[in-house]
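Contents: one structure, followed by commentary.
The values are calculated or read from the model by the stated rules, or taken from the named source; none is laboratory data. Computed from a prediction, not measured in an experiment: that's the story for all the values here. Quick reminder, even Gly has a Cβ in these numbers, built from the backbone with ideal geometry, and neighbours come from all protein chains shown.
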Amino acid sequence: MEENKKDVLILAIETSCDETAAAVVKNGREVLSNTIYTQIKLHTLFGGVVPEIASRKHIEKINIVIETALKEAGVSLEDIDAIAVTYGPGLVGALLVGVAEAKAIAYATKKPLVGVHHIEGHISANYIEHKELEPPFLCMVASGGHSHLVLVKDYGEYEIIGRTRDDAAGEAFDKVARAIGLGYPGGPKIDKLAKEGDKKAIAFPRAKITDAPDDFSFSGLKSAVLNYLNQCQMKGEEVNRADVAASFQQSVTDVLTEHTVGAAKRLGIKKVAIAGGVASNSSLRAQMEEACRKNGLEFYHPSPIFCTDNAAMIGVAGYYEYKKGIRDGWDLNAKPNLKIGER
């Protein structure tokens, strides 16, 4: 009976890092509500996310966030068809809060439980505003913990084409932001300051891995920025922070764009998408759009609110898992190092 209903409503929960989020998604494409409680101000005091504090805040806020999401969607738990929850990758303590909550709701309401991969959620965010987008397509996922080139073969079917060998793109943004005194979170602050600088002022490296052209490496770039800052200090030269931000950002943007477009052309894929926190970077979005246009590729990207961690994207990914018949049991556990495609 349940499977034949016209509309499928998913209640989604996301607590992989420092956002406590819940959403209600209809039929995998329509977001009825998307409630996010962010802890950024709290973690800014420490210059980055403190896992124990994140976990405690999730416990404090998760019930009210879910209640708000249901209220904004105008639905009750009885109307929900399944509960989707991020179970990895992420901070283990933070993930456990969401998983425990989802299991409790699913048990109490006798609704199906569907565990969702966080990165697969980021990729699925593209479906929200691009109703016409369907697999196959190539997605470049760039966030604080990941830099992946993923071939989306079908809904829920992924192949990693390229990955970072060391620092993720977002991690490099945070470290460079800290080094030039911008603080946390680094991505938005560098994006803003870079608009005032000259992106050609400093020749920072663009790493290429000879035996793996689709893989990324950002640790050399990060080291180059730190070396530049140290040399300026030793020579007593004043640092133009805007130029450093712009030149660093351009280096990251060039690498991400070239690798993505190059892989799409080689694989014969005509559709390219971006996802993850770094996908909200204005320089990256503009350059990817231009490169795709020049190479005859269709370009897709989520709005910034769906690039950073949110539960709507988990609801979308959860819908397609649910439709495939995937159900998780009460033994569903947090998996902080979960790989794409694993269950």
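So for the stretch 107-126 (the condition being more than 30 Å from residue 270 (Cβ to Cβ) and touching a His at 6+ places or on another chain (Cβ under 6 Å)), does at least one residue qualify? No: zero hits.
One residue stands out in the stretch 116-138 among those that are under 24 Å from residue 53 (Cα atoms) and not in a helix (DSSP H, G or I): the one that is nearest to the chain's Cα centre (by Cα), namely 117.
Could you say which residue among 341, 325 is in a loop (DSSP other than H, G, I, E, B), without any contact (Cβ under 8 Å) to a residue 12 or more places away in the chain and either closer than 18 Å to residue 120 by Cβ or over 14 Å from the mean Cα position of the chain (by Cα) (or both)? Walk me through it before giving the result.
Values: 341 fails: without any contact (Cβ under 8 Å) to a residue 12 or more places away in the chain.
Testing whether each residue is in a loop (DSSP other than H, G, I, E, B), without any contact (Cβ under 8 Å) to a residue 12 or more places away in the chain and either closer than 18 Å to residue 120 by Cβ or over 14 Å from the mean Cα position of the chain (by Cα) (or both) leaves just 325.
Look through the stretch 268-303, keep the residues that are of a type in the set (Val, Ile, Thr) and within 26 Å of residue 15 (Cα to Cα), and return whichever of them is surrounded by the fewest Cβ atoms within 10 Å (Cβ to Cβ). The residue in question is 278. Candidates 245, 201, 207: the one that is buried (at least 19 other Cβ atoms within 10 Å of the Cβ) and either touching a helix residue (DSSP H, G or I) at 6+ places or on another chain (Cβ under 9 Å) or not assigned by TED's automatic domain parsing to the domain that holds residue 47 (or both) is 245. None of 251, 247, 219 is more than 12 Å from residue 180 (Cα to Cα), at pLDDT below 95 and of a type in the set (Gly, Ala, Ser) except 219.
Per the listing 214, 243, 198, the residue uniquely out of contact with any Cys (no Cβ under 7 Å at 6 or more places or on another chain) and under 24 Å from residue 145 (Cβ atoms) is 214.
Return yes when residue 150 is outside any loop (DSSP other than H, G, I, E, B), assigned by TED's automatic domain parsing to the domain that holds residue 213, touching a strand residue (DSSP E or B) at 6+ places or on another chain (Cβ under 8 Å) and under 20 Å from residue 17 (Cβ atoms) and no when it is not. Against the criterion (outside any loop (DSSP other than H, G, I, E, B), assigned by TED's automatic domain parsing to the domain that holds residue 213, touching a strand residue (DSSP E or B) at 6+ places or on another chain (Cβ under 8 Å) and under 20 Å from residue 17 (Cβ atoms)), residue 150 qualifies. When the stretch 97-113 is filtered for residues that are under 26 Å from the mean Cα position of the chain (by Cα) and not hydrophobic (A, V, I, L, M, F, W, C), the ones remaining, listed by number, are 98, 101, 103, 112. I need the full set of residues from the stretch 210-237 which are acidic (Asp, Glu) and loosely packed, with under 14 Cβ neighbours inside 10 Å, in order please. 211, 237, listed by residue number. The residue that is nearest to residue 224 (Cα to Cα), among those in the stretch 249-299 that are assigned to a loop (DSSP other than H, G, I, E, B) and touching a residue at least 12 places away in the same chain (Cβ under 8 Å), is 281. For the stretch 20-43, residues that are crowded, with 19+ Cβ neighbours inside 10 Å and part of a helix (DSSP H, G or I) total 1. For the stretch 304-322, a residue qualifies if it is surrounded by fewer than 18 Cβ atoms within 10 Å (Cβ to Cβ) and over 12 Å from the mean Cα position of the chain (by Cα), but none of them does.
Residue check: residue 214 meets all listed conditions (1) touching an Asp or Glu at 6+ places or on another chain (Cβ under 6 Å); (2) assigned to a loop (DSSP other than H, G, I, E, B); (3) not small (Gly, Ala, Ser) but one, namely (1).
Quick one: count up the residues across the stretch 323-336 that are in contact with a Gly (Cβ under 7 Å, 6 or more places away or on another chain) and surrounded by fewer than 22 Cβ atoms within 10 Å (Cβ to Cβ).
Within the stretch 323-336, residues that are in contact with a Gly (Cβ under 7 Å, 6 or more places away or on another chain) and surrounded by fewer than 22 Cβ atoms within 10 Å (Cβ to Cβ) number 4.
Each residue in the stretch 81-100 was checked for being surrounded by 22 or more Cβ atoms within 10 Å (Cβ to Cβ) and either closer than 19 Å to residue 35 by Cβ or among the basic types (Lys, Arg) (or both), and 11 pass. Here residue 161 meets the list (1) part of a helix (DSSP H, G or I); (2) touching a residue at least 60 places away in the same chain (Cβ under 8 Å); (3) not hydroxyl-bearing (Ser, Thr, Tyr) almost entirely, failing just condition (1). Residues of the stretch 74-115 that are over 15 Å from residue 20 (Cβ atoms), aliphatic (A, V, I, L, M) and in a loop (DSSP other than H, G, I, E, B): 75, 80.
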